[in-house]
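Where a number appears in this text, it was derived from the coordinates with a stated rule and is not lab data. What you are looking at is a predicted structure, and each value in this text was computed from that prediction instead of being measured. In this analysis, Cβ positions are derived from the backbone assuming ideal geometry, glycine residues included, and neighbour counts consider all displayed protein chains.
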Amino acid sequence: MQVLLNIGIVFLTFFIMEFVAWVVHKYVMHGFLWALHHDHHNPTAHHFEKNDLFFLIFAVPSGVLAYAGLQISPDDFRIWIGVGIAVYGLVYFIVHDIFIHQRFKLFKHSKHPYLIAIRKAHKVHHKYLTKEDGRCFGMLWVPFKYYEDAWKFQQKMRKAKMK
């Protein structure tokens, strides 16, 4: 029973992190810490960006929670919250840095509507080069209109193949 509870805590934390990431992106990255996020919207030739420091915003609490929980018991809920944050961070890295921004040239030709929608929403987000007027601050959840665009794109591609 404890194992199921721990797994549930990891999943719940993972899903809550999407909301936390949205809030941090909109109000911190596009707010008072824009100086660190600015180079992500205005890329330079450097492989690393100041924006990469934001991993600490999530990695430090994750590590602190896991460590604190381990000091009490292997089943302490803090461990599993820390794991949920870390899993979200890993998925965020894969989706944002590898899939969307192609820091490593993988997953270049994805055709799944969900992945197309994520890419489109992020492209709309990067359309704005200043901290104001931003849109689409989430990572894994995107507005439904981008799914509609992805489905239309897929239908267009299927029709082109049939000709």
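Along the charge dipole of the chain, pointing to its positive end and built from +1/-1 on Cβ of Lys, Arg, Asp and Glu, which listed residue (HIS96, PHE14, VAL124) has its Cα farthest out? Of the candidates, VAL124 comes out farthest on the positive side.
Ranked by how many other Cβ atoms sit within 10 Å of their own Cβ, fewest first, the residues MET17, MET157 fall in the order MET157, MET17. Would you mind pulling out the separation of the Cα centroids of the range 107-152 and the range 6-20, in Å? Rounded to whole Å, the Cα centres lie 22 Å apart.
Pairs from the table (LYS131/LYS159; LYS50/LYS156; LYS105/LYS127) lying more than 31 angstrom apart at Cα are LYS131/LYS159; LYS50/LYS156. Rounded, prolate or oblate: pick one for the chain, where a ≥ b ≥ c are the square roots of the eigenvalues of its C-alpha gyration tensor, a/c under 1.5 means rounded, and failing that, prolate if a/b is larger than b/c, else oblate. Cα axes put the chain in the oblate bin.
The range 37-56 and the range 70-89 have Cα centres separated by 28 Å. Straight-line reach from LYS120: taking Cα to Cα under 13 Å and skipping same-chain neighbours fewer than 8 places apart, the aspartates and glutamates in range are GLU148, ASP149. Along the range 128-141 the Karplus relation, 6.51 cos²θ - 1.76 cosθ + 1.60 evaluated at θ = phi - 60°, assigns HN-Hα couplings of 9, 9, 10, 6, 8, 6, x, 9, 6, 8, x, 10, 9, 10 Hz to successive residues, with x for each Gly and Pro. Note on the chain: with charges restricted to the Cβ of Lys and Arg (+1) and Asp and Glu (-1), its dipole about the Cα centre is near 1320 debye. When you restrict to C-alpha pairs under 8 Å that are six or more residues apart and normalise by the size of the chain, the relative contact order lands at 26 percent.
When only DSSP loop residues count, what chymotrypsin sites (Phe, Trp or Tyr not before Pro) in the range 1-90 have their Cβ near at most 16 other Cβ atoms within 10 Å?
For chymotrypsin sites (Phe, Trp or Tyr not before Pro) across the range 1-90 that sit outside H, G, I, E and B with at most 16 neighbouring Cβ atoms in 10 Å, the list reads PHE48.
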